[in-house]
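Values quoted throughout were computed directly from the atomic coordinates according to the rules given, and no laboratory measurement underlies them. Please read all numbers here as calculations on a predicted model, not as lab measurements. Cβ: placed from backbone, ideal geometry, glycine included. Neighbour counts: every protein chain shown.
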Amino acid sequence: MNKEFVKFDKVDKSYDGKILVVKDLQLDIEEGEFVTMLGPSGSGKTTCLMMLAGFETPTHGEIYLDGRAISSIPPHKRGIGMVFQNYALFPHMTVYENLAFPLRVRKIPKDEADKKIDKALSMVSLQGFAERMPGQLSGGQQQRVAVARSLVFDPQLVLMDEPLGALDKNLRESMQYEIKHIHESIGVTVVYVTHDQSEALTMSNRIAVFNDGKVQQLSSPDELYEKPVNSFVAEFIGENNTFAGEVSDISGGKCKVKIANTEILANPISVKGKGDKTKISLRPERALINPSDKMDNIHSGKVEEVIYHGDHTRVRMNVLGNNQFILKVPNSSANMDIKLDKDIKIGWNSEDARALDPK
Amino acid sequence: MSSETQKILTTDGIPLEVSLKRSERKNKIKAFLLVAPLLLFLIITYIFPIGSMLTRSIDDKMVTEMLPKTYKAMEKWDGKELPSEEVFEAFYFDFKNLVEEKREGKLSTQLNYTKNGFKSIIKKLRRKSKSFEEGNYKEQIMAVHKRWANVEYWRAIQRRAPAYTGQKYLKGLDMYKNESGEIVSVDEDRRIHRVLWLRTLEIAFFVTLFCFLMAYPIAHLLATLPMKYSNLLMICVLLPFWTSLLVRTASWMILLQQQGMVNDFFVWIGLVGDDSRPEMMFNKTGSYVAMTQILLPFMVLPLYSVMKTISPSLMRAGKSLGGTPLVAFWKVYFPLTIPGIGAGCLLVFILAIGYYITPALVGGASGTLISNQIAFHMKSTLDWSFASAMGLMLLTGVLAIYWVYNKIVGVDNIKLG
């Protein structure tokens, strides 16, 4: 497998000559991988995709596809499949004609093309829809056609630009699995852009978190969630409890951080020494009520709000001066005594409290 | 079927249908009252005058009313030999009446339309008829002029008997009904209308084509440029709209004349010699140039409104799927603009086919259209019935084009914005 199937090499992009929307981007994508570019709007992720597709040119740097520099190759010669945000199905053509378009321009004989179209349609379970017009299909069906069209000419690389953005929640979730399964079964390389983190976590092999024109972190979904490398990623992915403070001691893989009047133990990720300002990030599910004595952080807090969520209860507490501290408590009979304004004890391991940059 | 299905009743036993109508009636009356003034205005100022103008084109009551006795007497005449004394007598009394009312001039004009030569013999008849004696009018009338003894002239009078006629329409096509009632074309050297019809169609067609060729890129630019530039361009497109038609046409006269700026420029860049400046005005060229410029916005706007709705991602999709920019344009973009092309072409063609002021000013003799001929008959010859006949023919032509367009492209596909 080619480790550098797609390679962004020191790519800069500016639209107006004043602001860089993509800054010094360095990104390698492996062949057959499903990589998601995740980030808030305006973070440069779509721009990167457009540069890869050939609709935008890098202001500086070079993009390589399978070892070839592609900046000077026009989009229609790159052979990259693409699924657009609003599907971009040709409204005046039937589903069959939409799928036949990339095959016709490649001068593929009709019987061979028909086989490919059949295969692509069955891949997205839309056999029998070939003669429909896109306007006669539901949003989910149009989405499937768009996916089928981007795959029908067997591209090595498929780009997807927020393809599920216009679908409702249930359909979006089932489409996520469907796209993931298609990717797994045909082994095509996929670069996927979204601002929906759950979508990214569900589908990807690796996720590149974009902010401010830069990749903040590129790693697998679990690593991204469990081990964010900076405050932005920690806050962007999943829920997060934070404490801002100052490092008072650092030794043996642990650090003491002074918050208000007390000190807590944390895992030093981006702090170097004493006196560094830091922000501690702790996932809500890592803080437990009724902590065991083995935990090295045990504090008490006042319950400010209890929200019932069916399988679990969210408890908002005031802990060490942070009144937005969230706790996820599984609904079991042992945990029924959490009441408003009650003081309860909570604890967590210092390993899970990551001392990141203060931002 | 309806007798079998049970009628749905409301709670107080009134059929649902009746109840619905009753509850809607008030709103319907209100809605009608709102549009009533405009409807009335339209009927009085638009539908009624046009209708009455159009009936003129087939109205031929004038002669029928002027010679009532004659036509009654002529009913028995077979038209082969000269009519009998009875007819001559009836004609004499009709004519006497007309002379008393001083309307014999109108009769001579009308009959002269049908056959040349009536004017002088009617004048002569008026003079001589004062001294006619009672009885044997046939002899006396025939003695006035030898044409009165010619059966052709009596047939000409007979042809005017029906109160309605289609002869104005035939005239519009350079045809007429000859003495034996056949429809034939006029002599080659006297045909003027057919040339005009063909020229009108030709100019309208080419103006539409030129407008399309020029408007398509402009509309595309308008639809794809960033807002701040496209607004400026839109103003440039609309500016001619806000300028008087007369001013624009006059400007073209200044630009296109032989000593005008365009010719000066051609001489300056050495395209033509100073002594061989081309004539670009008072001919077809003038009509083409001025009409294309004036009608351009009517093509740009429908195209623009359609192009605006085409998502740029469609072209991108076409390219990313492997189509060259040309293929993506031709297979994806162009078919989607057809509703706009249809609307623009139909609009420009219909406007061009009835264009009047511009060809009248810059068209000269070889660049005038059928509308100029209609205006000529309205204003100069006062042959309103002929003018309205040609007007109706033009209208029919436009409707026919609309019908053909509907058959081919479908009117539902027209998009004006």
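Note on chain B: with charges restricted to the Cβ of Lys and Arg (+1) and Asp and Glu (-1), its dipole about the Cα centre is near 760 debye.
Just check the range A:26-68 against the gyration tensor rule for me: Cα atoms, a ≥ b ≥ c as the square roots of the eigenvalues, rounded for a/c under 1.5, and otherwise prolate or oblate depending on whether a/b exceeds b/c. Oblate shape, in that a/c is at least 1.5 and b/c is the bigger or equal ratio.
Positive end of the dipole of the range B:7-85, charges at C-beta (+1 Lys, Arg; -1 Asp, Glu), about the Cα centre: which of B:G79, B:A36, B:P15 has its Cα farthest in that direction? Highest projection toward the positive end goes to B:P15. The convex hull of the Cα atoms of the range B:61-165, projected and averaged over all directions, covers 5.9 nm². With a 10 Å cut-off around each Cβ of B:250-261, the average count of Cβ atoms from other chains is 0. Normalising the average separation of contacting C-alpha pairs (under 8 angstrom, six or more residues apart) by the number of residues puts the relative contact order of chain A at 15 percent. Annotation note: trypsin sites (Lys or Arg not before Pro) in the range B:104-198 located in DSSP loop regions with a Cβ neighbour count of at most 11 within 10 Å are B:K130. Placing unit charges on each Cβ (+1 for Lys and Arg, -1 for Asp and Glu) gives the range A:6-233 a dipole about its Cα centre, and among A:G79, A:T202, A:V190 the Cα reaching farthest toward its positive end belongs to A:G79. The long axis of helix A:139-151 is offset from the longest Cα principal axis of chain A by roughly 70 degrees. Mean-square fluctuations from a GNM of chain A, with a 10 angstrom spring cutoff on Cα atoms, peak among A:K294, A:K119, A:K256 at A:K294. For A:V215, nonlocal amide neighbours, meaning residues 5 or more places apart or on other chains whose placed amide H falls under 5 Å from its own, are A:Q26.
For helix B:334-353, report the angle its Cα long axis makes with the longest principal axis of the Cα atoms of chain B; keep it between 0 and 90° and round to the nearest 10°. Taking Cα atoms only, the helix is inclined about 30 degrees. Straight-line cross-link partners of A:K302 among the aspartates and glutamates, defined as a Cα under 14 Å from its Cα and at least 8 positions apart when in the same chain: A:D337, A:D341, A:D343.
Expressed as an acute angle from 0 to 90° and rounded to the nearest 10, what is the orientation of the C-alpha long axis of helix B:245-256 relative to the principal long axis of chain B? Helix B:245-256 and the main axis of chain B meet at about 80 degrees. When chain B is treated as a GNM with alpha-carbon contacts under 10 Å, the residue of B:V289, B:V362, B:V332 showing the greatest mean-square fluctuation is B:V332. With a 10 Å cut-off around each Cβ of B:321-330, the average count of Cβ atoms from other chains is 6.
Restriction of the trypsin sites (Lys or Arg not before Pro) in the range A:1-105 to DSSP coil positions whose beta-carbon has at most 12 other beta-carbons within 10 angstrom yields A:K3, A:K18.
May I ask you to derive the relative contact order of chain B, considering only C-alpha pairs under 8 Å and at least 6 residues apart, and to give it as an integer percent? About 17 percent, as a whole number. The mean number of partner chain beta-carbon atoms within 10 angstrom of a residue's beta-carbon across peptide A:150-156 is 1. Using the Cβ of B:K284 as centre and a radius below 12 Å, the other residues enclosed give a net charge of -1, where K and R count +1 and D and E count -1. Taking a ≥ b ≥ c as the square roots of the eigenvalues of the alpha-carbon gyration tensor, the range B:193-413 is classed oblate because a/c is 1.5 or more while a/b is no larger than b/c. Placing +1 on the Cβ of every Lys and Arg and -1 on the Cβ of every Asp and Glu, with nothing else charged, gives the range A:6-233 a dipole about its Cα centre of roughly 600 debye. Annotation for the range A:98-198: GluC sites (Glu not before Pro) lying in DSSP loop with at most 10 further Cβ atoms inside 10 Å of their Cβ are A:E131. Computed per residue of chain A from DSSP H runs no shorter than four, each worth -39500 (n - 2.57), the mean residue ellipticity at 222 nm is -7000 deg cm²/dmol.
With each label modelled as a point 7 angstrom along the Cα→C-beta vector, the A:E4-A:T57 pair spans 2.3 nm.
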